[in-house]
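Here is the structure we will look at, set down as structure tokens.
The values are calculated or read from the model by the stated rules, or taken from the named source; none is laboratory data. Just so it is clear, the structure is predicted and the values come from calculations on it, not from any experiment. For neighbour counting, all protein chains shown are included, and Cβ atoms are generated from backbone atoms with ideal geometry for every residue, glycine included. Accessible surface is based on the protein model in full, side chains and every heavy atom, while ligands, DNA and RNA are left aside. Shrake-Rupley method; radii C 1.70, N 1.55, O 1.52, S 1.80 Å.
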Amino acid sequence: MVENELITQRKDKLKALKDKGLDPYLNNSFSRDEIGICLSRFEEGRKAAVAGRLMQKRLHGKAAFADLRDSTGTLQLYFAKDALGDEKFEDFKCIDIADILGVKGEMFKTRTGQVTLKVFDFTLLSKAVRPLPEKWHGLKDVETRYRQRYLDIIANSEAGSVFILRSGIISCLREFLDERGYLEVETPMMHPIPGGAAGRPFQTHHNEYDIDLYLRIAPELYLKKLLVAGFDKVYEINRSFRNEGVSTMHNPEFTMLEVYEAFTDYQGMMELCEEMIVYVINKVAGGTKIEYQGRELDFQRPWKRVSFAGLVKEKFGISPSDPLEDMVEKLRKKGKIEARAVLTRTQVTKIIEDLLEEDMPGYPVMVTDYFTSMSPLAKARKDDPLVCERFELFISGIEVGNAYSELNDPFEQRKRFIEEIEALPGEEKKNVDEDFLLALEQGMPPAGGLGIGIDRLVMLLSNQPSIRDVILFPLLRPGQ
């Protein structure tokens, strides 16, 4: 039977119920027990009321079995004509799979030992006019799964478990930081100047003030202002936005954890990063080993450290002292970019990072010794000013984290901002963030800062191949 016929049938059933004064959309609350609690605290003969979505329905003459699911579990229901009465049992025949139902009854176990609720009364709380997808236990079309995530979760319990795990991971991160005295804060999502990271921003306009604003590409500069204010340990789990490409690793709207601590540096952030992620993995996986896409990952500390400057010198012959033109030429000779490519320093940095990601091992790796010219917000090393105090965390070849010893010299920061702006194409030019420099001139303590990509971390810990699998509603092209 085609879907349109099924929809027509369901609408007819809805009309029949309404004609009897049983409009399901007029029902409000329904006092219920969670199905998970009913299952875990089973008592023969105990009265119970549950509510959820009907997932299976099996008629057997004067009786019927059905499966009801809520967010905590699935319970078998038993409908008998002698318990419900003729009229109520007839009403049950107007109930379809996917309808939202509230039921009252008595708990028992079948001869096969299955916990079941014998139904004495039920209320239709919402009619599903559309049927579930063919073979509801699995949506085959990936685009439909992302576009209609509610169907994906109804049809596939594993999809729902990913987002339950995601919530648990974020709770563990908060728990870890809260226990260590970090203060959770909220900073603006609309910025007058896009800053704190490299990226193309989304632009908007505020009518009352008649000013252009940008959705934040990172909260970093606001969080460092709080270090100036005297909050020594702060963090934010934030939504950030980049008006750039979409891939298995990138979504224009994404979630980051950013942590800042006064009187420490990038080495302190390494310790914090290792300790925090191992804490989370132990909580959600019960150990330091997980599987990701057929590969076992071991997070036993300490994690391996490798030098970015050393890798780039070995693979491409590039040194931190090289002018941009020389870096481009060396990449061109290695066949890594097009012959006529004209690139900014930020673009060259991205190309090099992408090339390095391809050769990263599965286990966690801290990549240190980034070029100072590629890191405008990081402190340079005292023994080699061309290299900065920064690391990036890679897990299974995926960049998950980024950290610095934060630059707190307002004069050097101004110089870096100006150099960065001068290198941008004309259409991407922006102003120097004078407000942030003013804050630095008030004195910011030495500090370390760490950013962790929540979406990518969840990808790894839930064994998902794409960032879209861990974002409830990823951005998609408009549907046809």
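Things worth noting here:
- Gly443 meets the conditions (1) open to solvent by 60 Å² or more (accessible area, probe 1.4 Å); (2) on the phi > 0 side of the Ramachandran plot; (3) of a type outside the set (S, T, N, Q) in every case but one. The failed one is (1).
- Of all the numbered requirements in (1) within 23 Å of Thr248 (Cβ to Cβ); (2) in a strand (DSSP E or B); (3) not basic (Lys, Arg), Leu151 misses one, and that requirement is (2).
- Helices (runs of 4 or more DSSP H) wholly inside segment 3-98 containing at least 2 residues that are more than 25 Å from Thr110 (Cα to Cα) and without any contact (Cβ under 8 Å) to a residue 40 or more places away in the chain: 3-19
- Here the condition is being closer than 23 Å to Phe473 by Cα, within 21 Å of the chain's Cα centre (by Cα) and modelled with pLDDT of 95 or more; of Thr255, Thr248, it holds for Thr255 alone.
- Given (1) modelled with pLDDT of 95 or more; (2) open to solvent by less than 70 Å² (accessible area, probe 1.4 Å); (3) touching a Lys or Arg at 6+ places or on another chain (Cβ under 8 Å), number of the condition Ser171 does not satisfy: (3)
Here's the yes/no breakdown for (1) of a type in the set (Lys, Arg); (2) closer than 30 Å to Gln56 by Cβ; (3) surrounded by 13 or more Cβ atoms within 10 Å (Cβ to Cβ); (4) within 22 Å of the chain's Cα centre (by Cα):
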site	(1), (2), (3), (4)
Thr116	no, yes, yes, no
Phe120	no, yes, yes, no
Gln148	no, yes, yes, yes
Leu165	no, yes, yes, yes
Leu183	no, no, yes, yes
Pro188	no, no, no, yes
Tyr209	no, no, no, no
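- Residue-level analysis places Phe308 among those that are among the hydrophobic types (A, V, I, L, M, F, W, C) and in contact with a strand residue (DSSP E or B) (Cβ under 7 Å, 6 or more places away or on another chain).
- For the residues Arg345, Arg340, the requirement of being at pLDDT below 90 and either acidic (Asp, Glu) or in contact with a Leu (Cβ under 8 Å, 6 or more places away or on another chain) (or both) singles out Arg345.
- Selection count, segment 198-230, where residues are of a type outside the set (Val, Ile, Thr), in contact with a helix residue (DSSP H, G or I) (Cβ under 7 Å, 6 or more places away or on another chain) and assigned to a helix (DSSP H, G or I): 2
- Residue list for segment 407-419, filter: out of contact with any Lys or Arg (no Cβ under 8 Å at 6 or more places or on another chain) and surrounded by 14 or more Cβ atoms within 10 Å (Cβ to Cβ): Pro410, Glu412, Gln413, Arg414, Arg416, Phe417
- For segment 71-102, a residue qualifies if it is within 20 Å of Pro131 (Cβ to Cβ) and open to solvent by less than 60 Å² (accessible area, probe 1.4 Å), and the qualifying residues are Leu77, Asp91, Phe92, Cys94, Ile95, Asp96, Ile97, Ala98, Asp99, Ile100, Leu101.
- Segment 103-130 residues that are more than 14 Å from Leu54 (Cβ to Cβ), paired with ones that are outside any strand (DSSP E or B) and among the polar types (S, T, N, Q) (beta carbon under 9 Å, 6 or more apart): Thr116/Thr110
- Taken as a whole, the condition of being closer than 30 Å to Pro474 by Cβ, at pLDDT below 95, touching a helix residue (DSSP H, G or I) at 6+ places or on another chain (Cβ under 9 Å) and open to solvent by less than 40 Å² (accessible area, probe 1.4 Å) does not apply to Ile277.
- You will find that of Pro194, Pro131, the residue that is assigned to a loop (DSSP other than H, G, I, E, B), within 26 Å of Ala63 (Cα to Cα) and open to solvent by less than 70 Å² (accessible area, probe 1.4 Å) is Pro131 and no other.
- Subset tally (residues that are open to solvent by less than 50 Å² (accessible area, probe 1.4 Å) and part of a helix (DSSP H, G or I)) for segment 231-270: 4
- Qualifying position, being open to solvent by less than 40 Å² (accessible area, probe 1.4 Å) and over 16 Å from the mean Cα position of the chain (by Cα), among Leu215, Leu221: Leu221
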